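Just so it is clear, none of the values below were taken in a lab; they were calculated from the coordinates. Keep in mind it's a predicted model, so treat the numbers as computed, not measured. Don't worry about glycine lacking a Cβ; one is built from the backbone with ideal geometry, like all the others, and counts go over all protein chains shown.
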Amino acid sequence: MSVSANDSRKVSLRAFLAKYSVLIAFAAIVIFFAVASPTFLTPANLFNVLVNNVVMLAIVALGLTIVISSGGIDLSVGVSVDMASMVFVMLLAAGYSGVVGVGGGLGAALIVGILNAILITRLNISPFLATLGVLFIGQSTQQLATSGGQPIYLTSGYASDQFNAIARTALFGVPTPVILLIVVTVAVHILLHRSVFGRYVQAMGAQPGVAWYSGIRVPRELSMVHVLCALLAGVTGILLSATVKSYVPLSGNAFLLDAIGATFIGTTLSRERKPSVIGTLLGVLLLAIVKNGLLLVGWNFYWQQVGIGVLVFLVLAVSFGLRRATH
Amino acid sequence: MQAAKREIAVSMSDISKRFGPVRALENANLEIERGSILGLVGQNGAGKSTIIKVLAGIIKPDSGTIVINGETVTALSPASVEKLGVHFIHQDRLLVPTATVGEAVFLGHEIGFGPFVSRRAMERKAADLLKRFFGMELPAGTLVKDLTTAQQKVVQITRALAQKASVLVLDEPTAALVKREVDSLFDVLRRLRDDGIAVVFISHYMQEIEKLCDRVTVMRNGTDVGTVDPRETSIDEIISMMIARDVGEMFPKRSVTLGAPVLEVANLRLGGGFENIGFKVRAGEIVGLTGLLGSGAKEIVQCLFGLKTADGGSIKVEGKQLSLSTPVKAVRDGIAMLPEDRRAHGVAIGLSVRENISLASLRRYSKSGLVSRRSENQAVDGLIKELSIKTPHRDALVRELSGGNQQKVAIAKWLSCQSRVYVLDEPTVAVDVGAKVEIYNLLNRLAGEGAAILLLSSDLLELVGVCDRVLVVYRGRLAGTFSGPSMNSDALLAASSGARSNADGVAA
């Protein structure tokens, strides 16, 4: 950003605000809740936020970050979460081992991803409409498979142990889900920001025609994008079931809008409004902390949604508004 | 057409229009007479379409006067100009494909009561009009998309007539028509002329102009350079009026010794596009390719990059037979493409210079799927220097670069790939003169390094200035190959308008 000397200070302050509006909002919110609620900054509460609100959403959002980077959208992430969760729970209930359960769950998510990929790359349906269709089909499938949406609870000792093995253990004092999130974050970061595949994804997102004219196998790379997103959502589905020890039909849908919100909040970090792994993680943290904080200061669930909506507007408007002014 | 007194329907005088630094029109004049067919000709960029858009109310002129039917009009809009009886048949069909013929004819002027539309009345009236004017019978309720291009033109003309058009402007109406359809369209236009309607006919096809028009206005460099009677003036004279002679020092000289054939095309055929196309491009050679819109020249280039799949024939690069069904294969086989629409297909303006340059050759700079930034940076910096791309640094966004430098980034992408064949599709469109010269220099250097270059261009001066040889395509066939002294813009324009063929008398 080159500027003349006399107003460089004003401009650079604006640029700074524009670039770091998420971080500034983040800091402000943490300070606000720390003052407003005595329990907010306690280790127990932060741990709870991390394990229950951050990890699962973050894994879904990271998958969605890949899709949004490619210029598309996946409205069926919730279906991938649910399908993985459903198959995982059903397999364990039928007495299969945890390994089989995880494999089956991921397989179910994989099928959702492949279905999306076929609709988008073979039938040339726009990602929005293709995944919207899969969302509808996926929701009905769950209701049909569970006699109208009955949850499946697992209480038998063996199966419970399998759940606990995933959700409630820790390695060197770090809970397994958090370790999983770190692994996924590093992997997606390398994939999206360091690999050849990631470059192709960025190119398709920036200008699909240029990608095609550069000899990139656009259909193949796009298929990969959607399969990866579904698989990551599947990981969350399994974590979810392991945490709540059950499968509740359609519970995955809750992730969709939060994941989209987190990814777009994250785009404010980049001048070109490109999604990034770091940005998405920040977005997820912001949403999780606001939800938790509002709960602690006594807002009910519905007011929480209002709070989050206002927050998203503020961050995006401040960031983009200031950025436009600096150009 | 020996009307005793000339009745002027539209008179445009001293029209000027600038787009930023570009002078699109400079004191241009156009006079349209009732009961007469006026041809409007000029090279691409001469200002034909701009002056027509001014008349259509799409572009506001900076200065000038427009008089329609004796009335001076100041603010024109597409709606108000239609009310004055001036109608336009634009080049690309502007009918709603899913509408019926009746709906299309009365679009914007529906028949009915209040908010209700009587489709049946419209169908009946449209059928009446079609039959009365053109003797054409279509089943009621025929959809526009089921009509041939010629029939669509007729429907468009009918729409104008239904609204009592007194001036009819047709922009390249024959581009997508076959000979028989052209003849019947001409009959229609002559009939309209005899009924006293003023017709303006814009075309690149000189033979059509000669056959149809009563007068021809020639435009060059944004102004009218003369109006002639085509029965008294030869096509060659008209063409020489169209071409400016001051070429200047735009085209750098070069001397190369040609190597072995790199690109060999034989018997190439595409249904509805072209047939029997064969030529060779040797290492170090720059071969030009030109043809009017719809001639098939564009499609040849698309087939060479796998954007369209040829129906027959062979394409060889360095002796290897290729099957090009996608750009993926073309790139792998060493073919590079500089597309006409730079922003849609050439460079991603939201990505950095570095990301654009390495995009087609990332595998070179990566190990086990991960990009090595060091080797990428090295290669990119080398190319930025080699092509003297003016960019603050390699990570600057391409958006921030000038058009010419963006085009250089697009070329650098293929240099990084070490492509053998460069197919360029109008590489200097929307690039300023200085950058043009740089791009020409770059082409010379590429050729000097042994690349084979095929340059598709509609800028005839550019072709003459840059190429060793120029192939002209006319209605899907090679109409001539020009080199040496026979390669001049008069000859190229004549051949691409179908006026003359094969000046060299030799095949490629």
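Per residue of A:197-207, count partner chain C-beta atoms within 10 Å of its C-beta, then hand back the mean as an integer. Let's see the in-between values first.
Details: counts 5, 3, 9, 2, 0, 6, 8, 1, 3, 10, 11.
Mean partner-chain Cβ count within 10 Å for A:197-207: 5.
Can you work out D for region A:183-327 in µm² s⁻¹ from Stokes-Einstein, where Rh is the Kirkwood radius over C-alpha pairs, the temperature is 10 °C and the viscosity is 1.306 mPa s? Before the final figure, lay out each step's value.
Details: Rh = 17.4 Å.
Once the numbers are plugged in, D ends up at 91 µm²/s.
Would you mind estimating how fast the protein assembly as shown diffuses translationally, via Stokes-Einstein at 37 °C and 0.692 mPa s with the Kirkwood radius over Cα pairs, in µm²/s? Please list the in-between numbers first.
Details: Rh = 31.4 Å.
Value of D from the Cα-based Kirkwood radius: 105 µm²/s.
Under a no-solvent Debye model with one identical scatterer per Cα of region B:47-159, what's log10 I(q)/I(0) at q = 0.12 Å⁻¹?
-0.52
Can you tell me the FRET efficiency between A:I182 and B:E449 if r is taken as the Cβ-Cβ distance and R0 is 45 Å, rounded to the nearest 0.05? If you can, show how the numbers build up before the last one.
Working: r = 49 Å, r/R0 = 1.10.
Once rounded, the FRET efficiency stands at 0.35.
Give the distance, in whole Å, between the Cα centre of region B:193-216 and the Cα centre of region A:28-72.
One Cα centre to the other: 71 Å.
Set Lys and Arg Cβ to +1 and Asp and Glu Cβ to -1, take the dipole of the protein assembly as shown about its Cα centre, and tell me which of A:L154, A:Y200, B:V470 lies farthest positive.
After comparing all options, I get A:L154.
Rounded to two decimals, what is Rg over Rh for region B:346-418 when you use alpha-carbon atoms and the Kirkwood radius? Intermediate results must be reported in sequence, preceding the final value.
Numbers: Rg = 11.1 Å, Rh = 11.8 Å.
Ratio of gyration radius to Kirkwood radius for region B:346-418: 0.94.
Which value at 222 nm does chain B reach when only helices count, each DSSP H run of 4 or more adding -39,500 (n - 2.57), with the total divided by all residues and rounded to the nearest 500 deg cm²/dmol? Before the final figure, lay out each step's value.
On the way: 16 runs with 160 residues, N = 508.
Calculated at 222 nm, the ellipticity per residue is -9000 deg cm²/dmol.
Collect residues whose amide H, placed 1.01 Å from N in the peptide plane, falls under 5 Å from the amide H of B:L263; neighbours closer than 5 in sequence don't count.
Here B:V281, B:E318 satisfy the definition.
Need one number: nm distance between label points at B:Q378 and B:S118, each 7 Å from Cα along Cα→Cβ, rounded to one decimal.
Here the modelled spin labels are 8.1 nm apart.
Just how large is the dipole of region A:176-307 about the Cα centre, in debye to the nearest 20, putting +1 at every Lys and Arg Cβ and -1 at every Asp and Glu Cβ? List each step's numbers first, then the result.
Numbers: 9 positive and 3 negative charges, 48 e Å.
Dipole of region A:176-307, to the nearest 20 debye: 220 debye.
I need the per residue convex hull volume for region B:8-242, using only the alpha carbons, in cubic angstrom as a whole number.
Dividing the Cα hull volume of region B:8-242 by its residue count gives 130 Å³.
Using only the alpha carbons, work out the radius of gyration and Dmax of chain B in angstrom.
25.3, 83
Using unit Cβ charges (K, R positive; D, E negative) and no other charged atoms, how large, in debye to the nearest 20, is the dipole of region B:22-68 about its Cα centre? Write out the running numbers ahead of the final one.
Values: 5 positive and 4 negative charges, 31 e Å.
Using Cβ point charges on Lys, Arg, Asp and Glu, region B:22-68 gives about 140 debye.
Add -39500 (n - 2.57) for each DSSP H run of 4 or more in chain A, then divide by its residues: what number comes out at 222 nm, to the nearest 500 deg cm²/dmol? Before the final figure, lay out the partial values.
Numbers: 15 runs with 238 residues, N = 327.
It lands at -24000 deg cm²/dmol.
Towards the positive end of the charge dipole of the protein assembly as shown, with charges on Cβ (+1 Lys, Arg; -1 Asp, Glu), say which of B:G108, B:P173, B:T233 has the farthest Cα.
After comparing all options, I get B:G108.
Quick one: if the Förster radius is 22 Å, what FRET efficiency do A:Y302 and A:N48 give, using the C-beta to C-beta distance and rounding to 0.05? Numbers along the way, then the final one.
Values: r = 22 Å, r/R0 = 0.98.
FRET efficiency, A:Y302 to A:N48: 0.55.
One-quarter of the Cα convex hull surface for region B:296-445, in nm²?
Convex hull of Cα atoms, orientation-averaged projection: 9.5 nm².
Let me know the charge dipole size of the protein assembly as shown about its Cα centre in debye, to the nearest 20, where only the beta-carbon of Lys, Arg (+1) and Asp, Glu (-1) is charged.
1680
Could you list the square roots of 5 times each eigenvalue of the Cα gyration tensor of region B:131-175, that is, the equivalent ellipsoid semi-axes, sorted largest first and rounded to whole Å? Let's see the in-between values first.
Values: eigenvalues 67, 43, 15 Å².
Here the semi-axes work out to 18, 15, 9 Å.
Projecting each Cα onto the charge dipole of the protein assembly as shown (Lys/Arg +1, Asp/Glu -1 at the beta carbon, about the Cα centre), which of B:N356, A:L250, A:G321 comes out farthest on the positive side?
A:L250
For B:327-339, what's the mean count of beta carbons from other chains sitting within 10 Å of each residue's beta carbon?
Values: counts 8, 8, 1, 2, 4, 1, 1, 0, 1, 3, 3, 1, 3.
Mean shielding count: 3.
On average, how much area does the Cα convex hull of region B:6-99 cover when viewed from any direction, in nm²?
Average of the hull's projected areas for region B:6-99 equals 7.4 nm².
Assuming 1.567 mPa s and 4 °C, estimate D for region A:1-117 with Stokes-Einstein, Rh taken as the Kirkwood radius over Cα pairs, in µm²/s. If you can, show how the numbers build up before the last one.
Values: Rh = 18.5 Å.
Estimated diffusion coefficient is 70 µm²/s.
Could you tell me the center-to-center distance, by alpha carbons, between region B:448-488 and region B:313-353 in angstrom?
20
What number do you get for chain A when its Cα radius of gyration is normalised by 2.2 N^0.38 Å, N = residues?
On the way: Rg = 20.7 Å, N = 327, 2.2 N^0.38 = 19.9 Å.
This ratio for chain A stands at 1.04.
Which whole DSSP H helices in chain A pass both tests: a Cα extent of 30 Å or more along the axis and a mean Kyte-Doolittle value no lower than -1.0? The partial results should precede the final answer.
On the way: long enough: A:218-244 (39 Å, 1.54); A:301-326 (38 Å, 1.22).
Span-like helices, by this rule, are A:218-244, A:301-326.
Can you sort B:E376, B:E210, B:E318 by how many other beta carbons sit within 10 Å, fewest first? Present the calculation step by step, with values, prior to reporting the outcome.
Working: B:E376 22, B:E210 18, B:E318 15.
Sorted ascending by nearby Cβ count, the order is B:E318, B:E210, B:E376.
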